[in-house]
Amino acid sequence: MILIRSILLIALCTVSGSIYSQTASTTVSLTLPVVTLMDIEPTGSITLNFTRPTEAGNALVAPTPNTSKWINYTSAIASGGLTRRITASVNTVIPGVNIRIQAAAASGGGGGTLGTSAGQVILTTTPTTIISGIGGAYTGNGANNGHALTISLATSTYANLQAQANTAIVITYTITE
């Protein structure tokens, strides 16, 4: 009987020791700022030149589209905030010439709610959406990350064409809600 009582006492001590536990807590302060950053990679200018025809009666030859530029962005929107979009515009329109741009689907590194291309658009002095639906996202940095851009020129109205020499056109990109 003493042996049974001793075993029972040891068992109760073991069980009762595991019933009690302790907890502790730590308060963590968190700040997640609203972020709206965008750039064009790589930096620098591009050149697009029409080629004169070699035979009378033939049209001007449009330049090969430029595909060297990429849009990179980082976006953290406010709680319940609207998605963002990227617009593009030019500082001047050349009579008889369409300046076109197309953002490809996002590729490369990055993640989150990446934007959707609006397809090919003709640029004017009024900002036109080229990417929409950007939520909390980042594209990765540099060329081969984000949205590849295709920039091209085409004649629109031959009657309006006027010779141009080294005319600088500035494309302005804006990320906004």
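Here are a few things to note about the model shown:
- Unmet criterion (only one of (1) of a type outside the set (K, R); (2) farther than 21 Å from T43 by Cα; (3) at pLDDT 95 or above; (4) out of contact with any Phe, Trp or Tyr (no Cβ under 7 Å at 6 or more places or on another chain)) for P65: (2)
- Matching residues in segment 155-173 - criterion: being exposed (fewer than 15 other Cβ atoms within 10 Å of the Cβ), aliphatic (A, V, I, L, M) and part of a strand (DSSP E or B): none
- A single entry from P53, P42 fulfils the requirement of being modelled with pLDDT of 95 or more and under 41 Å from the mean Cα position of the chain (by Cα): P42.
- Consider segment 50-104 and keep the residues that are touching a strand residue (DSSP E or B) at 6+ places or on another chain (Cβ under 6 Å), free of Cβ contacts under 8 Å to residues at least 60 places away in the same chain and within 15 Å of T155 (Cβ to Cβ). The one that is surrounded by the fewest Cβ atoms within 10 Å (Cβ to Cβ) is T51.
The values are calculated or read from the model by the stated rules, or taken from the named source; none is laboratory data. On a predicted model such as this, the values are computed, not experimentally measured, just so you know. Please note: Cβ atoms are built from the backbone with ideal geometry, for glycine as well, and neighbour counts cover all protein chains shown.
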